[in-house]
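Everything on this sheet refers to the single structure shown next.
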């Protein structure tokens, strides 16, 4: 046991150092840049902290902060309400099409926000599909205003609240509700006074996830900017890096406020739950089983179909129709054609192919490295007695909370140092900085998946193997990895898919003449080449999904082979 603990401590220190380098150090660099601007570029001077107050004096900064707060709060309230309501309906009632709802939720989670936003722009713009095909000319004025953008963001982010609440509803204790009903309480009273309060941790967690994902979202403002000017903090940070001269001080100050908003959201959640207990499950708890409604079941089916047509049909259907339309405006009566798909690979146009290859290479390397690091993180959290395990757990989740745009800024500060060139580690301007940033982004996902699988493997198996003289590598490769092979596969594929379409990281860090798939799609969209952008989105997404499906078939053992 002492040898096992010693091995765990060495692995713990190694994991802590890697996480510090990949995640914590770039975030610290953002704060240092505010306090000591130019310190990373050889200028040692105290920062003017009044720059932080300029957010209330400079019109663009103030509007960006205000828009981020409005968009974050509005989306959080609506998405949490919708996600909670749908989760409770899905948990209580069985209806046709319920599986499609679950599938749609996962599709929305894994699809990058800029693709969803582009679909809405194609549908609701002044000469878009809604106006040309359906005659809905007033939809443009509704969508392209703050309320409309909140609605679009809500329809993209509600799955975070839905999954959080739905998971909490897996088990139920009917005696609490039955006691309230016997005391004369109505169904509404029972829900308001018993069920809803007990769901408060899940509701707060879902709301926090929605808020963090919304205020740090770069895809929606980047896509909406082609039609409607709605600057947010992530987009203003991006603009600060692509102005002349580059304003790192502005990017650092705006990043500080973005991190501050996320920290405030986490504090509100902790404050809301600090004085109450929610451990109500007992031996009388039963697994929730949806029941067929006695009446009104048809309305659930119709409502589900209409809802899916809006949240899935509009963004993905718009991309599909625009990609096969003969005109970028997709006017009514236009012939359908595949000219946009032909343009992707026509003549000397190799932009999409090169961008796709670059993104696939970066995602593959990031997935392999991320899987290795995430495996070690999960091992330390599950089996070791390392005294800083909690610190490792927190750091591994930080990159999930911090927007990619802020992480990218930190990577510029850290890896764009002149002295690094002397030792061959000047990574800024090379594909390796994209790989490192992608690894930092996928570590939380990999760690959560692998930790759940490792929790099912008893520690005694590893201890017994070590007593027989098995080394750390032998224990991992012959015992642990075979038992969690499925989880490792899914974690690696999830990391691969997420890395391919990371627009924020790619837009900030891609090297000169090294285009990536998200950048190619976004630039085509900014140039109002809607048909080309839609065709590139569907082609790239189809190739990525096909690769994931093939890898799963090749690596995951079939039942027949397992039985034999």
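Computed from the coordinates by the stated procedures, all read-outs in this text should not be read as laboratory data. Quick caveat, the model's predicted, so the values are computed rather than measured. Every residue, glycine as well, gets a Cβ built from its backbone with ideal geometry; the counts of neighbours run over all protein chains shown.
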Query raised in the report: What is the packing order of peptides 514-521, 30-37, taking the mean over residues of other C-beta atoms within 10 Å and listing the highest first?
Result: 514-521, 30-37
Query raised in the report: Relative contact order (percent) for the chain, with alpha-carbon contacts under 8 angstrom and 6 or more residues of separation?
Result: 23 percent
Requested in this report: With r as the distance between the Cβ atoms of residue 551 and residue 306 and R0 = 35 Å, compute the FRET efficiency 1/(1 + (r/R0)^6) and round to 0.05.
Outcome: 0.45
Report summary line: From fewest to most C-beta neighbours within 10 Å, the residues 136, 106 line up as 106, 136
Query raised in the report: For the residues 467, 122, what sequence is obtained by ranking on other C-beta atoms within 10 Å, fewest first?
Result: 467, 122
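Hey, fewest Cβ within 10 Å first, where do 340, 137 land in order?
Working: 340 24, 137 12.
Ordered by Cβ neighbours within 10 Å, fewest first: 137, 340.
First measure r as the distance between the Cβ atoms of residue 470 and residue 448, then evaluate 1/(1 + (r/R0)^6) with R0 = 30 Å and state the FRET efficiency to the nearest 0.05.
Values: r = 28 Å, r/R0 = 0.92.
The formula returns an efficiency of 0.60 here.
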Report summary line: Among (1) 1.29; (2) 0.95; (3) 0.97, the value of Rg/Rh (Cα atoms, Kirkwood Rh) computed for this structure carries the label (3)
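Which length gain, in nm to one decimal place, applies between residue 102 and residue 60 when the Cα-Cα distance is subtracted from 0.36 nm times their residue separation? It would help to have the intermediate numbers written out before the result.
Working: separation 42, 0.36 × 42 = 15.12 nm, distance 4.00 nm.
My answer for the length gained is 11.1 nm.
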Query raised in the report: the stretch 106-156 to the stretch 483-527: how many Å between their Cα centroids?
Result: 23 Å
Query - Separation in nanometres of the label points that stand 7 Å from Cα toward Cβ, at residue 543 and residue 229 - result: 3.7 nm
Report task. Can you tell me the order of 53-60, 248-255, 222-229 when each peptide is scored by its average per-residue count of other Cβ atoms within 10 angstrom, highest first? Result -> 248-255, 222-229, 53-60
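So what's the back-of-envelope 222 nm ellipticity for the chain, counting only DSSP H runs of four-plus at -39500 (n - 2.57) apiece and dividing by all residues, rounded to 500?
Values: 30 runs with 387 residues, N = 564.
-21500 deg cm²/dmol, from helical runs alone.
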**Report entry** Segment residue 372-residue 268, length gained on full extension (0.36 nm per residue, minus Cα span)
**Finding:** 34.0 nm
